[in-house]
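The values are calculated or read from the model by the stated rules, or taken from the named source; none is laboratory data. Owing to the predicted nature of the structure, the values given are computational and were not obtained by experimental measurement. These area figures cover heavy atoms from the full protein model, side chains too; ligands, DNA and RNA do not enter into them. Shrake-Rupley method; radii C 1.70, N 1.55, O 1.52, S 1.80 Å.
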Amino acid sequence: MAKEPVRVLVTGAAGQIGYALVPMIARGVMLGPDQPVILHMLDIPPAAEALNGVKMELVDAASPLLKGVVATTDVVEACTGVNIAVMVGGFPRKEGMERKDVMSKNVSIYKSQASALEQHAAPNCKVLVVANPANTNALILKEFAPSIPAKNITALTRLDHNRALGQISERLNVQVCDVKNVIIWGNHSSTQYPDVNHATVKTPSGEKPVRELVKDDAWLNGEFITTVQQRGAAIIKARKLSSALSAASSACDHIRDWVLGTPEGTWVSMGVYSDGSYNVPAGVIYSFPVTCKNGEWTIVQGLAIDDLSRKKLDITGAELCEEKELAYSCLS
């Protein structure tokens, strides 16, 4: 028997990431090859014509799983009945702007979108925030959508997780699917901590620790970390545009694993509401290693944290607390 369609909202759908993301969703990359979807696409009024162009292309792509498209500039229409919301729209930092200016703009955007989701989304709607500052935008959304469970509001650090997997696979000249259990701790910013201390690689003689195979702690504790932290800036320098394809792909990975589950023995990185695990600040959206089952994520517990890691977990946690304070000051 055919499944009921899932309604998936993409905000900022006429933008670069949205344009890469919506065909992936329509083709089953996010929710699987047998799950029909109805796409809800939201953008701002000046982008209405471009948004309609995206809708025309979706029709022309004739994806069998796509059972309907709502393309709108009205936030209530966009949020009505949605089961999954991917929040790509936000206010980007422009030249000469202070962090507080960007935060203030995003606080007002996420406040209004939170309120529309709160009132009009389907019960148990799952939310993924992609727009930067992703962790703190997700926190604002949580504050203004109190009836959506905190565990249903997440931020995208899967892009950083995938970047870390990619760097290890290139360094060792192995398939990226054979590398697993890297961790992104903390904020989706340049303070994030890409951690390989528990990561392994599948080899003909079984799984081996990444550190044992790389045999270069200086690279793993230095250049590897900064490459992952600065990868977004490197792509802007190369493309003259920000990461869109990889961001869209990782958003699909994030939702797919959350909804359909992570493979046994594998964890992924998600920005989730911190309960204070690993002595990081509670009450912020912080990236942890998680496993997913039956549509629920669980923080992986009991991993050893060495001294270098402890410092890095604390630095990114402190930045998230500062961002939270700044965001809350924009509310008053």
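Observations
- The mean accessible area for residues of the chain, using a 1.4 Å probe and ignoring ligands and nucleic acids, is 45 Å² per residue.
- Those lysines that a straight Cα-Cα span of less than 24 Å connects to K237, excepting residues fewer than 8 apart in one chain: K94
- Cα gyration tensor, region 196-274 - rounded (a/c under 1.5), prolate or oblate: oblate
- Flagged links, alpha-carbon separation over 20 Å, of K208/K312; K151/K311; K151/K293; K67/K293; K126/K151: K208/K312; K151/K311; K67/K293
- Computed from backbone phi, the HN-Hα couplings of region 234-244 come to 5, 5, 4, 5, 6, 8, 6, 8, 7, 4, 10 Hz, rounded to whole numbers (Karplus: 6.51 cos²θ - 1.76 cosθ + 1.60, θ = phi - 60°; Gly and Pro given as x).
- The three principal axes of the Cα atoms in region 6-155 give end-to-end lengths of 44, 34, 23 Å, sorted in falling order.
- Calculated from backbone phi, Karplus (6.51, -1.76, 1.60) coupling profile of region 217-223 in Hz, x at Gly/Pro: 5, 4, 5, 5, 8, x, 4
- For V6, residues with placed amide H under 5 Å, excluding near neighbours: V37, I38
- Where only alpha carbons of region 290-332 are counted, the Rg and the Dmax (Å): 15.2, 40
- Helix axis angle, 99-120 relative to the chain longest principal axis, alpha carbon, degrees: 60
- Rounded, prolate or oblate (a/c below 1.5 giving rounded, otherwise prolate when a/b exceeds b/c) for region 1-93 by Cα gyration tensor: prolate
- Using θ = phi - 60° and Karplus 6.51 cos²θ - 1.76 cosθ + 1.60, couplings along region 10-18 (whole Hz; Gly, Pro as x): 10, 8, x, 6, 8, x, 4, 5, x
- Listed by chain and number, the aspartates and glutamates placed with their C-alpha closer than 15 angstrom to that of K100 are E319, E322, E323, E325; residues fewer than eight positions away on the same chain are left out.
- The alpha-carbon atoms of the chain define a convex hull whose volume equals 147 cubic angstrom per residue.
- Three-way shape label, region 158-324, alpha-carbon gyration tensor, a/c 1.5: rounded
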